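Notes to accompany the following structure.
The numbers here are math on the coordinates, done by the rules we state, and not lab data. Please read these numbers as outputs of a predicted model, since none were measured by experiment. Cβ placement follows ideal geometry from the backbone for every residue including glycine, while neighbour counts extend to all protein chains displayed.
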Amino acid sequence: MKKTLVLVCLMILAVCSAQAATGLVPLDRVPAEFAPAVDLEMARAQDEADEIAGIPPRFAIPNTVQITPDTHGLWERADEDTLVWRLRVASPDAFSLNLGFRTFFMPEGGSLSIYSADGSQAIRPFTAGDNASHGELWTPVLTTDSIVLELTIPENAVNDLRLKLDSINVGYRGFVTGGTPESGSCNVDVVCSQGDGWRDEIPSVAVISRGGSRNCTGFMVNNTANDQRPFFMTAYHCGYSSSSAAASLVAYWNYETSTCGGAPNGSLSDFSSGAFFRAASSASDFTLMELDSDPDPSFSVTFSGWNASGADASSAVAIHHPSVDEKRISFENDPTTTTSYLSNTVPGNGTHVRVTDWDLGTTEGGSSGSPLY
C-alpha cells in the first residue's frame, strides 16, 4: 500500500514539473515596446493642410522602429519541438494600432498571431501562405491601444525565419466602431435601398491604407482575358505608384454599416494585404496593382467591368469610403463630361470625367480612387 502511494505521488510531481516547463509566462511579464502618443493638436493642423493640398487623409502616425525576435520580446518553449516568441506593443490612448514588417518570411509550420492585449480582438494568423516575393507584410488595424505579437514556430525552422518590424502606426481617427462618422451627413450607406441596383458592384470596392497611415478607396477591376487575376485600381495621387508603396497596401472588404443610417459598426475582419505595382499615370490619375493573392472566397469580392468607348455617360454613380468611414454610394442624375484636370473645357485633353454636382450623396477626402459607373 505504501509503495502505491509513493508511486502516485511521484507521478503527480512529474506531471506538475512538465507543466511548469512548458507553460508560458503571464502576459504582464512579456517585454513591451511603447510608441509615443499622438499630439492631436499637431496632427489635426497637419491634416487641415493636407486637405487643402489634396493629399489623401491620414488616420495614423507612423513610428519607425527596428524590432526583430533577436533584439526584442521573449522566447519560450511550448513543447520539445516548438518555440514561442511574444512581444507587447502599445501606445497610450491610441484609437488603433497596425504594423509594417519590411522583412517577412515565415517558414512552413510557423505562424504569427496579433491580438489585443485584452483578448477581445484578433487578426487571423499569418503563415507561409502570406510570403510574397516583395518580402513585406502590413497588417490591418486593431481598434485598441495595446496589442500582442505571438510567433509560434518549429524549433528546426527558426533559422529560416525572417521577421523585422519597421513601423508601428498609431491611429488617432477613422476606423472607429460606434463613434460619430467623420464624413458628411449627406452620405448614403450602401446598405440603404438606394444601393439595391448596385449590389453586384458594391463588393468590388474597398477602403485601403498605404504605409499603415493614409487611406483612399480602390476597387477590383476585370481584364480582357476574364481570368479573374486580382487586379486592383486606385488613384495615382493616393501614392501607390511604386513597388514599396504597393507592398504596403491593406484592402478592407465589406467595411459597411449594418443598417441604413445606423451607427458606424463596420467589420475590419475581411482584408487583403500586399500588392505588386503594375502601371500608373499621373496625367489620368490612375494606378493599377495586382494583389499578392486572391481575396478569400468567403469575402464574396466581385470585379468591376469597364469599356473603352470614351462616350460621356447620361448619369453616374460612385461607390466610395469618405474620410475612412464605411462604404457609401453617391448619385449624379445629369450627364458627365470629358475634360482636363480642374478644367471646364470639353473635351480638353480627355484625361478626366467631370461630375457637375452630386444629386444624392457626395465625395470627399478618402473617396479618391473610387470607381465611377
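Some observations on this one:
- Dimensionless Rg over Rh [region 44-189; C-alpha; Kirkwood]: 1.04
- Alpha-carbon spread of region 255-301, three principal axes, descending order, Å: 38, 26, 14
- Alpha-carbon Rg with Dmax, taken over the chain, Å: 24.1, 103
- Cα-based Rg and Dmax for region 34-99, where Dmax is the largest Cα-Cα distance (Å): 17.7, 59
- Rounded tilt (10° steps) of 40-53 against the dominant C-alpha axis of the chain: 30
- In order through region 358-368: 3J(HN,Hα) via Karplus (6.51 cos²θ - 1.76 cosθ + 1.60), integer Hz, x for Gly, Pro: 7, 7, 9, x, 7, 10, 7, x, x, 6, 3
- With θ taken as phi - 60° and the Karplus curve 6.51 cos²θ - 1.76 cosθ + 1.60 applied, the whole-hertz 3J(HN,Hα) list for region 324-341 is 6, 8, 4, 5, 10, 9, 10, 10, 10, 8, 9, x, 7, 10, 8, 7, 9, 4 Hz, x standing for glycine and proline.
- Average projection, convex hull of the Cα set of region 193-354: 10.1 square nanometres.
- Using the alpha-carbon positions of region 158-246, Rg (one decimal) and Dmax (whole number) come out as 17.4, 55 Å.
- Amide hydrogen neighbours beyond the local backbone of Gly171, cut-off 5 Å, H modeled: Ile61, Phe95, Ser96, Leu97, Asn98
- Comparing Val38, Val148, Val158 in a Gaussian network model of the chain, where Cα atoms under 10 Å apart are tied by springs, the biggest mean-square fluctuation is seen for Val158.
- Given charges at beta-carbon only (K, R positive; D, E negative), |dipole| of the chain in Debye: 860
- Percentage relative contact order, the chain, counting C-alpha pairs under 8 Å, at least six apart: 16
- Note that region 208-213 has calculated 3J(HN,Hα) couplings of 10, 10, 10, x, x, 9 Hz, one per residue in order, obtained from phi through the Karplus relation 6.51 cos²θ - 1.76 cosθ + 1.60 (θ = phi - 60°); glycine and proline are x.
- Close amide-amide hydrogen proximity is noted between Thr302 and Ser204, each under 5 Å apart and 5 or more residues distant or on a separate chain (H modeled in the peptide plane; Pro and chain starts excluded).
- Long-range HN-HN contacts of Ala122 with modeled amide H, under 5 Å: Ser116
- Each Lys or Arg adds one and each Asp or Glu subtracts one; over the other residues with Cβ under 15 Å from the Cβ of Asp334, this totals -3.
- Contact order relative to length of region 193-354, as percent, for alpha carbon pairs under 8 angstrom and 6 or more apart: 21
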